[in-house]
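Asks: Can you read through this structure? Questions will come right after.
Here, each number is a calculation from the coordinates, and none is a lab measurement. Quick caveat: nothing in here was measured; it's all calculated off a predicted structure. FYI the Cβ positions are ideal-geometry reconstructions off the backbone, even for glycines, and counts take in every protein chain you see.
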Amino acid sequence: MRDLEQHPITPDFDVWPVIVKPAAVRSEDGALLVEWSDCSISRYHPFLLAENDPSPDVLHPLARETTLSPLDLPGDLLISSAELGPDGTVIVHWTHNHPTSRYHPGWLYGNGWFDTPHTIETTVLWTGKNQPEPPTFDGPTALNDPAVFLSWLTALRDFGVARLENLPNQDGLLMQVVERIGPIRESNFGRMYTLEIKDDPDSNAFTSDALMLHIDMPTRECPHGLQFLFCRDNTTSGGEGIYADAYRIAADLAAEEPEHFKALCEIEWTYNNRSKSTSYKAKGPVIERDFGGRVTGIRYNTWLRAPLVASLQEQGRAYRSYRAFAARAQDPTYQMKFAYRPGDLVAFDNRRTLHGRNGYDAHGGTRFIEGIYSDRDDLLSAIRSLERSFTTETTS
């Protein structure tokens with residue numbers, strides 16, 4: 001969107017404040033080079049700029065999506081020259097009599113290549129020793145104050161677990177909270193489920209037994225990204241929640257037991273749910289990484305692993321590495337333990353934060369905990385949208 005009225009629109013609805021101003025621009029081998037007031041230099045491929053041209057011939061002014069096919073551009077299109085407008089707008093002139101383009105300087109700075117990526121790492125790795133409880137916020141305040149709600153969401157993103165407390169025992173409240181973030185993702189347990197004891201359970205969760213640390217839904221091609229547990233009543237003894245940061249476990253394995261870390265990233269286990277009415281099955285390594293080697297997800301659930309069909313040598317390697325991961329997951333040093341109190345809503349990243357519980361006395365009181373799943377994408381979208389709304393208020 002506009003930072004100042006004179007700047008061009010951008011190919012999105014984000015806010016791009018001009019914190020660093022362009023000092024000089026020029027064409028370099030047909031690409032755009034921008035020197036900035038902080039002495040940094042960024043470069044832009046001609047095709048990147050041409051297909052993000054904010055003119056109405058290229059960018060739909062309402063949808064902010066390009067209407068241009070890559071083949072609509074000459075294959076040898078180059079930038080012939082560039083100049084700065086009085087307000088810092090970057091003006092680009094093209095070969096092939098292609099129409100002149102104008103670019104928002106804040107958008108250019110935010111999307112430029114500076115030889116090294118301008119990324120901000122928000123992930124906070126933790127153990128139970130340095131993070132004995134989740135980041136916690138007053139629930140009624142968060143639901144009434146968008147700034148506090150945003151703080152809860154960013155804590156969930158950064159720590160992989162965050163809690164609201166003091167919420168009322170209200171039907172439908174959990175669904176309302178989750179839908180403020182994004183759509184609910186259903187599962188074979190339904191749109192919403194209750195952690196109750198079943199006579200014929202289709203998961204260990206529907207018993208009063210202790211649960212080993214795990215993620216849910218490793219049986220899906222893409223496991224559910226977020227889980228929300230709302231404690232509406234709890235007068236039982238035991239049943240404390242146990243959580244661990246699997247990203248921290250992975251980082252420690254990479255540093256201290258690299259051969260096990262490597263095996264956990266390479267060997268694919270198959271997971272299948274144990275149910276009489278459904279049959280979900282998926283495979284993947286315990287530790288998932290992107291092309292840059294950054295850990296992006298964990299697929300760890302001891303009781304849903306199917307037999308590993310592989311050579312004895314590969315099975316030996318797989319079990320040794322899995323035991324190394326389990327040894328850390330079950331080490332109290334890594335574990336965050338806390339009671340589920342009435343009014344608590346605990347949200348966590350299901351593909352990062354392992355969760356489990358102590359067993360509880362099912363005959364010694366009542367226990368009413370509701371659960372819902374959604375996805376990481378919705379969390380990140382909600383954070384960006386809220387941040388954008390606050391930035392718009394500040395710059396307007």
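Asks: So if I take the centroid of the Cα atoms in region 46-74 and the same for region 346-396, what is the distance between those two points in Å?
Replies: Computed from Cα coordinates, the inter-centre distance equals 37 Å.
Asks: Turning to a different aspect of this structure: Could the peptides 300-306, 354-360 be put in order, highest first, of the mean number of other beta-carbon atoms found within 10 Å of their residues?
Replies: Numbers: 300-306: 17.9, 354-360: 19.4.
Per-residue Cβ counts within 10 Å, averaged per peptide and sorted highest first, yield 354-360, 300-306.
Asks: Does anyone have the angle between helix 376-395 and the longest principal axis of the chain? Alpha-carbon axes, 0 to 90°, nearest 10?
Replies: Rounded to the nearest ten degrees, it is 50.
Asks: Okay, next question. Pop a pseudo-label 7 angstrom from the Cα along the beta-carbon direction at both ILE91 and THR366 and give the gap in nm to one decimal.
Replies: 7.3 nm
Asks: Right, next: What residue among LEU156, LEU213, LEU77 shows peak mean-square fluctuation when the chain is described by a Gaussian network model with Cα springs under 10 Å?
Replies: LEU77
Asks: Show me the three semi-axes of the equivalent ellipsoid for region 22-116, from the C-alpha gyration tensor (sqrt of 5 times each eigenvalue), largest first, rounded to whole Å. The partial results should precede the final answer.
Replies: Details: eigenvalues 88, 47, 31 Å².
Each semi-axis is √(5λ); the values are 21, 15, 12 Å.
Asks: Figure the gain on full extension for THR136 and ILE41 (residue separation times 0.36 nm, minus the Cα-Cα span) and round it to one decimal in nm. Could the numbers behind the result be given before it?
Replies: Working: separation 95, 0.36 × 95 = 34.20 nm, distance 4.13 nm.
In short, 30.1 nm is gained.
Asks: Dividing the alpha-carbon Rg of the chain by 2.2 N^0.38 Å yields what?
Replies: Values: Rg = 25.5 Å, N = 396, 2.2 N^0.38 = 21.4 Å.
Ratio of Rg to 2.2 N^0.38 Å for the chain: 1.19.
Asks: Right, another one. For GLU259 and THR194, compute 0.36 nm times the residue count separating them, minus their Cα-Cα distance, and round to one decimal in nm. Working shown, then result.
Replies: Details: separation 65, 0.36 × 65 = 23.40 nm, distance 4.04 nm.
That pair, GLU259 and THR194, stretches by 19.4 nm at full extension.
Asks: What ranking, highest mean first, results for peptides 311-317, 122-128, 272-278 when packing means the other Cβ atoms within 10 Å averaged over each residue? Can you show the working numbers first?
Replies: On the way: 311-317: 11.6, 122-128: 17.3, 272-278: 13.1.
The peptides rank, most packed first, as 122-128, 272-278, 311-317.
Asks: Determine the gain in length on full extension of the stretch THR391-HIS60; use 0.36 nm per residue of separation and subtract their C-alpha separation, reporting nm with one decimal. All intermediate terms of the calculation are to be shown ahead of the outcome.
Replies: On the way: separation 331, 0.36 × 331 = 119.16 nm, distance 2.35 nm.
Extending this stretch completely gives an extra 116.8 nm.
Asks: With labels modelled as points extended 7 Å from the Cα through the Cβ direction, what inter-label distance (nm, one decimal) is found for ASN144 paired with LEU312?
Replies: It works out to 6.8 nm between the two label points.
Asks: Which one of GLN227, GLN176, GLN131 has the biggest mean-square fluctuation once the chain is modelled by GNM with Cα springs under 10 Å?
Replies: GLN176
Asks: Can you give the helix-only mean residue ellipticity at 222 nm for the chain, where every DSSP H stretch with n ≥ 4 adds -39500 (n - 2.57) and the sum goes over all residues, rounded to the nearest 500 deg cm²/dmol? Please list the in-between numbers first.
Replies: Values: 9 runs with 99 residues, N = 396.
Calculated mean residue ellipticity at 222 nm is -7500 deg cm²/dmol.
Asks: Rounded to the nearest 0.05, what FRET efficiency do THR100 and GLU179 give with R0 = 56 Å and r taken as the Cβ-Cβ distance? Could you check? Numbers along the way, then the final one.
Replies: Values: r = 45 Å, r/R0 = 0.81.
That pair, THR100 with GLU179, gives E of 0.80.
Asks: Can I ask one more? Nearest 10 degrees is fine. How inclined is helix 246-256 to the longest principal axis of the chain, computing both from alpha carbons?
Replies: With rounding to tens, the tilt is 80 degrees.
Asks: Shifting gears a bit: Taking N as the number of residues in region 214-340, what value does Rg over Cα atoms divided by 2.2 N^0.38 Å take?
Replies: Numbers: Rg = 15.9 Å, N = 127, 2.2 N^0.38 = 13.9 Å.
My calculation over the Cα atoms of region 214-340 gives 1.15.
Asks: Along Cα→Cβ, 7 Å out, is where each label goes; now give me the distance between the ones at ASN358 and THR116 in nm to one decimal.
Replies: Between ASN358 and THR116, the simple spin-label model gives 4.6 nm.
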